[in-house]
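Structure below; questions to follow.
The values are calculated or read from the model by the stated rules, or taken from the named source; none is laboratory data. Fair warning: this is a prediction, and the values are worked out from it, not measured in the lab. Every residue, glycine as well, gets a Cβ built from its backbone with ideal geometry; the counts of neighbours run over all protein chains shown. The protein model used for the area step is the full one, side chains on, heavy atoms only, and it has no ligands, DNA or RNA in it. Shrake-Rupley method; radii C 1.70, N 1.55, O 1.52, S 1.80 Å.
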Amino acid sequence: MSNIEQTLSIIKPDAVERNLQEEIKKKFIENGFIIKKEKKIQISKAEAEEFYKVHETKPFYEELCNYLSSGPIVVMIIEKVNAVLENRKLMGATDPLKAEDGTIRKIYGISIDKNSVHGSDSVDNAKIEIEFFFKSWEQFFAKLLDKVYFLQSKFFSRGFWVCLFLKFEFFFVLLFYQSQINYF
Ligand code: IDP
Ligand code: MG
């Protein structure tokens, strides 16, 4: 039975700063991930503190939150069979020096704190972290807006007016004649 999962991936400030986001996204795609959603954002320090709350007792917490909020990041929902584990494998160990060859952190990571990518560490955390960056109510309104744009583009398209004309041809012709009568 296939076990398709979604997980959260973040391309961290050090990688975005070096313009590596397309290269890193290519790595995910080459490894069978589908990028379902992505956005480039910059978060506040308070948001970084909330996101990394599990690490609040660690000595590097302050530095970590300053860093994550220091510049633009790319947050993505990526999908694959066993995505959580597969993403952790593709990312490599937290410290790039200890990461396995071919992993993203080994290739692009600078140091343990500037290790280019984040990935959820469990299925439950993936759900929490996806909701953190892609709120379900935002998704709902985004879909609604898409529908409105779609209907609007249909409504204002030439095809729409042609159909309307064909359906009410007689009415339009009558209107035209009436306008002529009024003018002359
Ligand atoms: P992970 O990103 O591999 O899941 P975590 O232990 O969850 O690693 O740590 C979160 C992030 O905190 C790491 O990606 C790394 O940037 C940073 N970090 C972890 N350990 C250290 C450390 O010893 N010094 C500085 N930063 C660290
Ligand atoms: Mg972690």
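Rg and Dmax of the chain, Cα atoms, in Å?
Cα radius of gyration and Dmax of the chain are 25.3, 89 Å respectively.
As a quick test, which of the pairs Lys36/Lys98; Lys25/Lys80; Lys25/Lys98 have an alpha carbon distance above 19 angstrom in this structure?
Pairs exceeding 19 Å: Lys36/Lys98; Lys25/Lys98.
Oh, and also: If I take R0 = 35 Å and measure r between the Cβ atoms of Phe132 and Leu97 in this structure, what FRET efficiency does the formula 1/(1 + (r/R0)^6) give, to the nearest 0.05?
0.75
Let me check against my output: what whole-number percent is the relative contact order of region 32-126, with C-alpha pairs under 8 Å and at least 6 apart?
Relative contact order for region 32-126 comes out at 25 percent.
Among all the aspartates and glutamates, which ones have a C-alpha under 17 Å from Lys40's C-alpha, if same-chain residues fewer than 8 places away are not counted?
Asp14, Glu17, Glu22, Glu23, Glu129, Glu131, Glu138
For Lys45, which lysines qualify as cross-link partners when the Cα separation must be under 25 Å and same-chain residues fewer than eight apart are set aside?
Lys12, Lys37, Lys53, Lys58, Lys114, Lys127, Lys135
For the Cα atoms of the chain, what angle does the longest principal axis make with the long axis of helix 21-30, in degrees from 0 to 90, nearest 10?
Approximately 90 degrees, to the nearest ten.
Return the carbon/sulfur percentage of the accessible area of the chain, one whole number, probe 1.4 Å, all protein chains in place.
Heavy-atom surface of the chain belonging to carbon and sulfur, 1.4 Å probe: 61 percent.
Follow-up. Just grab the label-to-label distance for Ser122 and Glu56, each label 7 Å out from Cα along the Cβ direction, in nm (one decimal).
1.8
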